[in-house]
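Right, one structure below, let's go through it.
The values are calculated or read from the model by the stated rules, or taken from the named source; none is laboratory data. Just so you know, these numbers come straight off a predicted model, no measurement behind them. Using ideal geometry, Cβ is built from the backbone for each residue, glycine included, and neighbour counts are taken over all protein chains shown.
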Amino acid sequence: MPRPECRNTAIVLRAQQERNWEVVGSINAFDGILNEPNEIVILDEENVAGIHIRGGTIIGTTNKGGPFAWPIKNNDGTWDAADRSDEMLRRLQYLGVDAVINIGGDGSQQISQKLYEKGCNIIGVPKTIDNDLSATDFTFGFQTAVQEATTAVDKLMTTAASHNRVFVLEVMGRYAGWIGLHSAVAGGADVCLIPEIPYDLNKVIDKIYSRFDRDRGYAIIVIAEGAKPIDGDTEQHDSNEVGYKNKRMGGVASKLIAELKEAGLEMDMRETVLGHLQRGGTPLAYDRNLATQFGVEAFEMVLREDYGKMVTYRHPNITPVPFAEAISQYNFVNPKSDLVKSARGVGICMGD
């Protein structure tokens, strides 16, 4: 019988409305198909019950390697990458998988496009806290990450006011500052620094001084990990993890505090790095609803054999777009957008 490979409760529940479909999941993304022995699990109503209240990816995921860059260890201890995509497609055929539903962000959907070009019946679902796919208004997971970051801003506000301190909260956002911008506005931060708007340190200092009267006052700065000063660079370094191609980011909050101290700022300043706390927690109702809509539409695309496309949300519609369109442009924050304008309107310093 036909079997779509998936990682979404709604896909499973929608598929069970049809009598001739079975859903299977691949452990740790495509690794489960390529591993020896393979790691494929049956997904039905019983074993996905209740997972909608859990964050993360229930059957695992990975951002290392993949079917087009599978890590291979050489005899001398060095590593190379092998293209195992053709082998993976043969394995899918052997397993009787008629359609693949790939859930993930920009990198995942780039893999989807390449697999589609090789003849794979594949459909994409946008899931990432980074909100980095421009073809959709939102990706599910993003709003929950924003809530976690906003809660951190709220809590820092209390201790900052009590101790007359400047707190710098570092949030995720390698190339796009969506989490930083949304949480800064929602939490009432004083400064918001994102990758799309390189900051002038003097503007940040002026804003901090405006929040103090003599030695009393406080300020909250939200800074995305990819933020950088004018004529400066991001804080990043190479990773030694096998198969991980991205530069590692982090430390921008500490760097900013060092810059402020070097400029003569004498306030008590502390950093908080939210890190992977943003990636966990109980999903918000908004994300649960969006994931359900995406999952149902993805399975109905399988029924229509509408492959080579990713499900998107363009308010108020859920609609598919070709992968080529979905990945054609990275979803950066527009410095002239309404939300940036609103942030400036309530007095948030954007660093420029």
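Filter the stretch 273-292 down to residues that are surrounded by fewer than 15 Cβ atoms within 10 Å (Cβ to Cβ) and either of a type outside the set (Gly, Ala, Ser) or out of contact with any helix residue (DSSP H, G or I) (no Cβ under 8 Å at 6 or more places or on another chain) (or both) and give me whichever is nearest to residue 101 (Cα to Cα). Full working, then the answer.
Residues of the stretch 273-292 that are surrounded by fewer than 15 Cβ atoms within 10 Å (Cβ to Cβ), as a first pass: 275-276, 280, 282, 285, 289.
From what is left, the residues that are either of a type outside the set (Gly, Ala, Ser) or out of contact with any helix residue (DSSP H, G or I) (no Cβ under 8 Å at 6 or more places or on another chain) (or both) are 275-276, 282, 285, 289.
On the way: 275: 29, 276: 26, 282: 24, 285: 23, 289: 18 Å.
Taking the candidates together, the pick is 289.
Is it the case that some residue within the stretch 70-91 is in contact with a Cys (Cβ under 8 Å, 6 or more places away or on another chain) and not in a loop (DSSP other than H, G, I, E, B)? So that I can check it myself, show each step before the final result.
Within the stretch 70-91, the first condition is being in contact with a Cys (Cβ under 8 Å, 6 or more places away or on another chain), and the residues that meet it are 89.
Narrowing further to those that are not in a loop (DSSP other than H, G, I, E, B): 89.
Yes, the stretch 70-91 contains a residue that is in contact with a Cys (Cβ under 8 Å, 6 or more places away or on another chain) and not in a loop (DSSP other than H, G, I, E, B).
Kindly evaluate residue 144 against the criterion of being without any contact (Cβ under 8 Å) to a residue 40 or more places away in the chain and either out of contact with any Lys or Arg (no Cβ under 6 Å at 6 or more places or on another chain) or surrounded by fewer than 22 Cβ atoms within 10 Å (Cβ to Cβ) (or both). Spell out the reasoning first.
Numbers: without any contact (Cβ under 8 Å) to a residue 40 or more places away in the chain: no; either out of contact with any Lys or Arg (no Cβ under 6 Å at 6 or more places or on another chain) or surrounded by fewer than 22 Cβ atoms within 10 Å (Cβ to Cβ) (or both): yes.
No.
Quick one: which of 87, 46, 36 is at pLDDT 90 or above and among the acidic types (Asp, Glu)? Steps first, answer last, please.
Numbers: 46 fails: at pLDDT 90 or above; 36 fails: at pLDDT 90 or above.
Answer to the check: 87.
Could you tell me whether residue 43 is free of Cβ contacts under 8 Å to residues at least 60 places away in the same chain, in contact with a strand residue (DSSP E or B) (Cβ under 9 Å, 6 or more places away or on another chain) and not aromatic (Phe, Trp, Tyr)? Reasoning before the result, please.
Values: free of Cβ contacts under 8 Å to residues at least 60 places away in the same chain: yes; in contact with a strand residue (DSSP E or B) (Cβ under 9 Å, 6 or more places away or on another chain): yes; not aromatic (Phe, Trp, Tyr): yes.
Yes; evaluated as a whole, the condition is true for this residue.
So residue 58 passes all but one of these: (1) among the hydrophobic types (A, V, I, L, M, F, W, C); (2) assigned to a helix (DSSP H, G or I); (3) out of contact with any strand residue (DSSP E or B) (no Cβ under 8 Å at 6 or more places or on another chain). Which condition number does it fail?
Among (1) among the hydrophobic types (A, V, I, L, M, F, W, C); (2) assigned to a helix (DSSP H, G or I); (3) out of contact with any strand residue (DSSP E or B) (no Cβ under 8 Å at 6 or more places or on another chain), the lone unmet condition for residue 58 is (2).
Scanning for something touching a residue at least 24 places away in the same chain (Cβ under 8 Å) and either surrounded by fewer than 17 Cβ atoms within 10 Å (Cβ to Cβ) or of a type in the set (S, T, N, Q) (or both), does the stretch 218-227 turn up at least one residue? It would help to see each step written out before you state the result.
Start the filter on the stretch 218-227 by keeping residues that are touching a residue at least 24 places away in the same chain (Cβ under 8 Å), which leaves 218-227.
When the remaining residues are screened for being either surrounded by fewer than 17 Cβ atoms within 10 Å (Cβ to Cβ) or of a type in the set (S, T, N, Q) (or both), the result is none.
No: the stretch 218-227 contains no residue that is touching a residue at least 24 places away in the same chain (Cβ under 8 Å) and either surrounded by fewer than 17 Cβ atoms within 10 Å (Cβ to Cβ) or of a type in the set (S, T, N, Q) (or both).
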